[in-house]
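Working notes for the structure below.
The values are calculated or read from the model by the stated rules, or taken from the named source; none is laboratory data. Everything numeric here is computed off the predicted structure, so don't read it as measured data. As a convention, Cβ positions derive from the backbone with ideal geometry for all residues, glycine included, and neighbour counts pool all protein chains shown. In case anyone asks, the SASA skips ligands and DNA or RNA and just uses the protein heavy atoms, side chains included. Shrake-Rupley method; radii C 1.70, N 1.55, O 1.52, S 1.80 Å.
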Amino acid sequence: MGLTITEKILASHAGKAAVEPGEFIIARPDMVMGNDLSTAGAIGVLKQMGATKVFDPEKVVIVFDHLVPAKDIQAADLLKGVRQWVREQGIALFYDEGRHGIAHIILPEQGLALPGDLIIGGDSHSCTYGAVGAFSTGVGHTDLAGVLALGEIWLKVPASIKFTYHGTLGPWIMGKDLILATIGKIGIDGALYQAMEFRGPALATLGMSERLTMCNMAIEAGGKSGIIVPDGMTLAYVKERARRPWTVYQSDPDARYVAEYDFEITGMRPQVAKPFSPDNVVSVDEVAGTPLDQVFIGSCTNAKLEDLRIAARILRGKKAHAGTRLIVIPASTWIWNQALKEGLLEIFAEAGAAVSTPTCGACFGGHMGILGAGEVCLSTSNRNFVGRMGHPTAQSYLANPAVAAASAIKGCIAAPEEVGA
Amino acid sequence: MIRGRAWKFGDDVNTDVIMPGKYLAMRNPELIAPYIMEGIDPDFGKKARPGDIIVAGKNFGCGSSRETAPGGLKAFGIGAVIAPTFARIFLRNAVNIGLPVLECPAAAGIREGDLVAVDVASGRITDETTGAIYHAAPFPPFLQELIAAGGLVNYARKRLGLA
């Protein structure tokens, strides 16, 4: 019986020839990621465990993203404590202010997430790295401490679900639309405990940015991981970034899947998740005209260079609506610098946007764009639960960056065609 | 034996409502404990008492991996959370820190305010108000060992040869 890419990666990291869904394994990761919040939590737990050294400083990457630049005194003290710990541990892969960005974008961008890797991240969106053909999943800070101390983690081998995308992408249709349609179809727990394997002729045409967005939101369907078998696109992306060898795994033709879904995307309209759940998905046309107080282009889901280029293409020479705040937060320092060189930041600034240094910021209601009572936002991020971005009565709609840019211009939810795009 | 009043919640209770993002920089669970479930019921922290039990719908704890969600519930003194299913990161976090979680679809029959007794070891849930008895699905042996070891801190201490 054949194996899925997920089963092959897990078996190889558990020292086994094969594994089966439901089996418990002890696996050794290639890379462990902690952000400012989860690392701060893990440091305390490591002390309780009596662990004085991380298992291997070269396999640990620490990224400041949630609270950076320090949003208040509490955050400043938290960041200070993590910096000191990183120095003591001799961790060189440290993305502090000035090199910082959202971890889920930094790892693939800097070649720290590679095909065939097993990656454990102290953040729920760590499933993003599946886009390069790695098995990656998110954990809390106690699990993060455990893997930092031991260099191993227990995992239950997930069953895999196969998602196949057919057809041709229409204008302004992005990875975000495919994954929103997927979550809308299977629901917020539709892939609970399971690996989501994305494939198909339409997917093959998608660039890495779109694939990262799709794997990023696997968690929004309850998935343990999202994964895409590497192809030429993946290898071209990885080759110019990797600093260590990698392994390409394929799913066998007779691999077992617990469920299979097929999506025909020819003719698909941009998708929007309405409040208050990422599976509350409709076509943009059903919510067009909804007035907006704020548009947020940011987060690990949709603030990559390609996302910013698309938003800038629509915003070029136009202004955000007078009654709508536009906030643009590039996902990493490298992206910010590229966006500067390409003139994208200027386009945003001239459109009346507030452009910030990279941070998770508004996405989790931390800082840099929190919503007040009753305010309505359209966001390119990944979650729109009650209170996610601020006041419990505020509402967030989730969409792709093209819809976000068009909506900022119109001051209400709008399809890109409505602004002549 | 854990004994407390039942508080009922619906499906897909996410960690953004269990512990909103504005409290993420607060590292002390005792400080965030009063704010548990604030996103659903701002008065929950005033109405509930230590020992009380949450009986919720499917996929409890979905969303963010923030450990302040189970950590806050535990610090408040919530005796146990009963649900048909839990989101996987929440389940791991709860087991790791020793917040009792029980998977039991039939326990949906428990009504708000009922007095409920939970025997975590056997998975037996007794609604003392109605007399109904439910049995939670046993965790796989590996997880039972982790729970018996007292959570991940003790497990790691053993693996490190420190305990």
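Can you pull out the residues in the range A:127-145 that are part of a helix (DSSP H, G or I) and closer than 23 Å to A:Ile186 by Cβ? If you could, list the steps in order and put the result at the bottom.
Just the residues of the range A:127-145 that are part of a helix (DSSP H, G or I), to begin with: A:127-132, A:141-145.
Scanning the range A:127-145 gives A:Cys127, A:Thr128, A:Tyr129, A:Gly130, A:Ala131.
Those residues that are part of a loop (DSSP other than H, G, I, E, B) and of a type outside the set (Gly, Ala, Ser), I need them from the range B:102-122; list them, please. First the steps, then the outcome.
The initial filter retains those residues of the range B:102-122 that are part of a loop (DSSP other than H, G, I, E, B), namely B:104, B:110-114, B:120-122.
Of everything in the range B:102-122, those that are part of a loop (DSSP other than H, G, I, E, B) and of a type outside the set (Gly, Ala, Ser) turn out to be B:Cys104, B:Ile110, B:Arg111, B:Glu112, B:Asp114, B:Val120.
Being touching a Pro at 6+ places or on another chain (Cβ under 8 Å), outside the structural domain of A:Ala404 (by TED's automatic domain parsing), over 30 Å from A:Lys47 (Cβ atoms) and among the aromatic types (Phe, Trp, Tyr) narrows it down to one residue among A:Tyr165, A:Tyr257; which is it?
The match here is A:Tyr165.
Name the pairs: first residue in the range B:128-150 and aromatic (Phe, Trp, Tyr), second residue part of a strand (DSSP E or B) and open to solvent by less than 50 Å² (accessible area, probe 1.4 Å), Cβ to Cβ under 7 Å, at least 6 apart or on different chains?
Cβ pairs passing all conditions: B:Tyr134/B:Ile125; B:Phe142/A:Trp154.
Might you check whether a residue that is closer than 30 Å to A:Ala159 by Cα and surrounded by fewer than 24 Cβ atoms within 10 Å (Cβ to Cβ) occurs anywhere in the range A:76-98?
No: zero hits.
Considering only residues that are open to solvent by less than 10 Å² (accessible area, probe 1.4 Å) and either among the acidic types (Asp, Glu) or within 24 Å of B:Met19 (Cβ to Cβ) (or both), which ones fall in the range A:397-421?
A:Leu398
Which residues, counting only those in the range B:65-88, are closer than 21 Å to A:Leu192 by Cα, in contact with a helix residue (DSSP H, G or I) (Cβ under 6 Å, 6 or more places away or on another chain) and aliphatic (A, V, I, L, M)?
B:Ala69, B:Ile82
Name, by its number, the condition in (1) more than 14 Å from every other protein chain (Cβ to nearest Cβ); (2) surrounded by 13 or more Cβ atoms within 10 Å (Cβ to Cβ) that does not hold for B:Gly113.
With (1) more than 14 Å from every other protein chain (Cβ to nearest Cβ); (2) surrounded by 13 or more Cβ atoms within 10 Å (Cβ to Cβ) applied to B:Gly113, the lone miss is (2).
Report yes if A:Gly207 is over 24 Å from A:Arg309 (Cα atoms), touching a helix residue (DSSP H, G or I) at 6+ places or on another chain (Cβ under 9 Å) and surrounded by fewer than 23 Cβ atoms within 10 Å (Cβ to Cβ), otherwise no.
no
Only one of (1) buried (at least 17 other Cβ atoms within 10 Å of the Cβ); (2) small (Gly, Ala, Ser); (3) more than 7 Å from chain A (Cβ to nearest Cβ) is not met by B:Gly45, so which one is it?
Answer for B:Gly45: the failing condition is (1).
Quick test for you: out of A:Ala322, A:Ala311, A:Ala353, A:Ala362, pick the one residue that is open to solvent by 10 Å² or more (accessible area, probe 1.4 Å), under 24 Å from A:Pro69 (Cβ atoms), touching a residue at least 24 places away in the same chain (Cβ under 8 Å) and of a type outside the set (Val, Ile, Thr). Write out each step before concluding.
On the way: A:Ala322 fails: under 24 Å from A:Pro69 (Cβ atoms); A:Ala311 fails: open to solvent by 10 Å² or more (accessible area, probe 1.4 Å); A:Ala362 fails: open to solvent by 10 Å² or more (accessible area, probe 1.4 Å).
Residue meeting the stated conditions: A:Ala353.
Go through the range B:15-34 and give me each residue that's buried (at least 19 other Cβ atoms within 10 Å of the Cβ), free of Cβ contacts under 8 Å to residues at least 40 places away in the same chain and of a type in the set (A, V, I, L, M, F, W, C).
B:Val17, B:Ala25
Tell me which strands (runs of 3 or more DSSP E) are completely within the range A:15-126 and hold 3 or more residues being within 13 Å of chain B (Cβ to nearest Cβ), or say none if there are none.
It comes to A:24-27, A:31-35.
How many residues are more than 9 Å from chain B (Cβ to nearest Cβ) and crowded, with 20+ Cβ neighbours inside 10 Å when one looks only at the range A:377-394?
8
Go through the range A:242-263 and report how many residues are surrounded by 13 or more Cβ atoms within 10 Å (Cβ to Cβ) and of a type outside the set (Ser, Thr, Tyr).
Final tally of qualifying residues: 10.
Only one residue in B:Gly98, B:Gly63 is more than 22 Å from A:Val386 (Cα to Cα) and either within 11 Å of chain A (Cβ to nearest Cβ) or buried (at least 20 other Cβ atoms within 10 Å of the Cβ) (or both), so which one is that?
On the way: B:Gly63 fails: more than 22 Å from A:Val386 (Cα to Cα).
So the residue among B:Gly98, B:Gly63 that is more than 22 Å from A:Val386 (Cα to Cα) and either within 11 Å of chain A (Cβ to nearest Cβ) or buried (at least 20 other Cβ atoms within 10 Å of the Cβ) (or both) is B:Gly98.
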